[in-house]
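Scroll down for the structure; my scribbles are underneath it.
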Amino acid sequence: MLTLTEISDRLEIQDLMVDYCHAVDTRQWDLLDEVFAAGAVIDYTATGGPRGTLPEVKEFLGSVMGRFPAYQHLLGNASIRLDGDTATGRTMCHNPLVLPGEQGAADGGVLHCGMWYIDVFVRVSGAWRIAERVQEKSYMHFAPSAPGRPKD
């Protein structure tokens, strides 16, 4: 049976992962400062991004994600293993990215990215943070816009 502390830790880590998605999906890159630990290593190479520090990844996200008119992250099947003030996780992510069409309209189709986030979490001053995040690619699938679809 899980202790109250273990239940609390799991919920706090799940909230942290949602905070990551919220920061990225709303393009509020500075909110990631509350998600990642100082010195965190982030590896997006599996999906064509960089491996680097939080400042490097924030710069990358700011320059690349603006190309997409819309996108979102959906997390599920989080496997979290607690060990005191550290934890590991493997969490499924579905990330559809709307591609721009003519004159930047959001009618260029959708790139569906499926991946797992492989994370190392640490408790810092009583709060959970991501110390390491590695993307593990599962699939990428392009779905073109339907013919005759009204433009957004």
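The values are calculated or read from the model by the stated rules, or taken from the named source; none is laboratory data. This is a predicted model, so every value here is computed, not measured. Accessible surface areas use protein heavy atoms only, side chains included; no ligands, DNA or RNA. Shrake-Rupley method; radii C 1.70, N 1.55, O 1.52, S 1.80 Å.
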Angle in degrees between helix 4-25 and the longest Cα principal axis of the chain, rounded to the nearest 10: 30 degrees
Amide H of Gly49 versus every other amide H placed in the peptide plane: which residues, excluding those fewer than 5 positions away on the same chain, fall under 5 Å? none
Exposure of Glu34 as accessible area (Å², to 10), given a probe of 1.4 Å and all protein chains: 110 Å²
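Take the alpha carbon gyration tensor of region 98-141, find the square roots of its eigenvalues, order them as a ≥ b ≥ c, and report rounded if a/c is under 1.5; if not, report prolate when a/b exceeds b/c, else oblate.
Oblate shape, in that a/c is at least 1.5 and b/c is the bigger or equal ratio.
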If a/c stays under 1.5 just call it rounded; otherwise compare a/b with b/c (prolate if a/b is bigger, oblate if not). Do that for region 1-70, with a ≥ b ≥ c from the square roots of the Cα gyration tensor eigenvalues. prolate
With a/c under 1.5 counting as rounded, go ahead and sort region 40-94 into rounded, prolate or oblate using the C-alpha gyration tensor (a ≥ b ≥ c being the square roots of the eigenvalues; past the cut-off, prolate if a/b is larger than b/c, else oblate). oblate
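Under 8 Å for C-alpha pairs, at least 6 residues apart: give me the relative contact order for the chain, rounded to a whole percent.
Value for the chain: 21 percent.
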Compactness of the chain, expressed as Rg and Dmax over alpha-carbon positions, Å: 16.9, 56
Helix 54-64: inclination vs the chain longest Cα principal axis, degrees, rounded to 10, gives 20 degrees
Tell me what the chain gives for mean residue ellipticity at 222 nm when only DSSP H runs of n ≥ 4 count, each as -39,500 (n - 2.57), the sum divided by the residue total, rounded to 500 deg cm²/dmol. -7000 deg cm²/dmol
